[in-house]
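Have a look at the structure below before the remarks.
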Amino acid sequence: MSAKDELEQIARQVAQCQLCELHYSRKRAVPGEGPVDAEIMFIGEGPGFHENEQGRPFVGAAGKFLDELLAKINLRRDQVFITNVVKCRPPSNRDPKPEEVEICTKTYLERQIQTINPKVIITLGRYSMGLFLSNAKISEVHGQSFWVKGRLIVPMYHPAAGLHQLSLKPEIERDFLRLPELLEKSRHAVQNNAPPSFDSDQPAKQLSLF
Ligand code: URA
């Protein structure tokens, strides 16, 4: 099966998924979207109200800010892959439960990552950061890069955090401005077949789902 077919199959399976209780309250599942050969993948937490209505990720206020951040580095959303830890909206925007995260990431997110094979994964917020970096504090590690199992992971604040806490906005913008440089670093490492297990200049605080 081609990578594109695989990605489409995952999206179809997500749309019909009944593996956890979130399917009872969802209106539309949100598999994620973007090109199959995207070099950059963003992973948010889970669909909110607007995403649940439209079946698309980051289409509300946080999504608008994400679009603005992408524009600052001359990227459009159709050039990156955008998805979430859980693919269905938790009722009343509650936090996803550990078993929901476990099932959804094992069944869908891991396969999306393998299929797309992005050069850089940007985690947006604590939940997606926690998949890769255990015990990390987002206030300490945001904007830094970590090699996790041969993949460059960059934890960032969730864009909604910048909307709720205006003092974070410039920090989020600064982190985004570093993204082209980090992508280049990853391309270079992959080209030389040398993605290290850990970033040499980062603490080996570790992780890991994948
Ligand atoms: N917040 C998220 O984490 N994901 C979305 O898709 C929208 C808002």
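The values are calculated or read from the model by the stated rules, or taken from the named source; none is laboratory data. Predicted, not measured: the structure shown is a model, and the values here were computed from it. When we count neighbours, we look across all protein chains shown, and the Cβ atoms used for this are built from the backbone with ideal geometry, even at glycine. When the accessible area is computed, the model is the full protein with side chains, heavy atoms only, and any ligands, DNA or RNA have been set aside. Shrake-Rupley method; radii C 1.70, N 1.55, O 1.52, S 1.80 Å.
Structure summary
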| item | result |
| --- | --- |
| Test: residue in region 121-139 that is modelled with pLDDT of 95 or more, out of contact with any strand residue (DSSP E or B) (no Cβ under 9 Å at 6 or more places or on another chain) and farther than 22 Å from ALA29 by Cα | yes |
| All positions within region 156-169 that are in a helix (DSSP H, G or I), touching a helix residue (DSSP H, G or I) at 6+ places or on another chain (Cβ under 9 Å) and not small (Gly, Ala, Ser) | PRO159, LEU163, LEU168, LYS169 |
| Residue among SER128, SER167, SER134, SER139 that is open to solvent by less than 10 Å² (accessible area, probe 1.4 Å) and not hydrophobic (A, V, I, L, M, F, W, C) | SER128 |
| Lone unmet requirement of (1) touching a residue at least 24 places away in the same chain (Cβ under 8 Å); (2) near the ligand (Cβ under 9 Å from one of its atoms); (3) more than 23 Å from GLU99 (Cβ to Cβ); (4) hydrophobic (A, V, I, L, M, F, W, C) for LEU69 | (2) |
| Pairs with Cβ under 7 Å, 6+ apart, first in region 47-59 and under 14 Å from VAL86 (Cα atoms), second at pLDDT below 95 | GLY48/ASN93 |
| Qualifying residue in region 94-105 (condition: within 18 Å of PRO155 (Cα to Cα), more than 11 Å from the ligand (Cβ to nearest atom) and open to solvent by 10 Å² or more (accessible area, probe 1.4 Å)) | yes |
| VAL80, sole failed condition from (1) of a type in the set (A, V, I, L, M, F, W, C); (2) under 16 Å from the mean Cα position of the chain (by Cα); (3) surrounded by fewer than 16 Cβ atoms within 10 Å (Cβ to Cβ) | (3) |
| Filter result (near the ligand (Cβ under 9 Å from one of its atoms) and on the phi > 0 side of the Ramachandran plot) within region 22-45 | GLY32 |
| Close pairs (7 angstrom Cβ cut-off, 6 or more residues apart or separate chains): touching a residue at least 24 places away in the same chain (Cβ under 8 Å) in region 160-172, open to solvent by 50 Å² or more (accessible area, probe 1.4 Å) anywhere | GLY162/LYS169; LEU163/ALA61 |
| Residue that is most open to solvent (accessible area, probe 1.4 Å), among those in region 46-66 that are in a loop (DSSP other than H, G, I, E, B) and within 9 Å of the ligand (Cβ to nearest atom) | ARG56 |
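Per-residue answers, yes or no, for (1) out of contact with any Lys or Arg (no Cβ under 6 Å at 6 or more places or on another chain); (2) over 15 Å from TYR108 (Cα atoms); (3) of a type outside the set (D, E, K, R); (4) assigned to a loop (DSSP other than H, G, I, E, B):
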site: MET1; (1), (2), (3), (4): yes, yes, yes, yes
site: GLN9; (1), (2), (3), (4): yes, no, yes, no
site: ALA15; (1), (2), (3), (4): yes, no, yes, no
site: GLN18; (1), (2), (3), (4): yes, no, yes, yes
site: LYS27; (1), (2), (3), (4): yes, yes, no, yes
site: ALA38; (1), (2), (3), (4): yes, yes, yes, yes
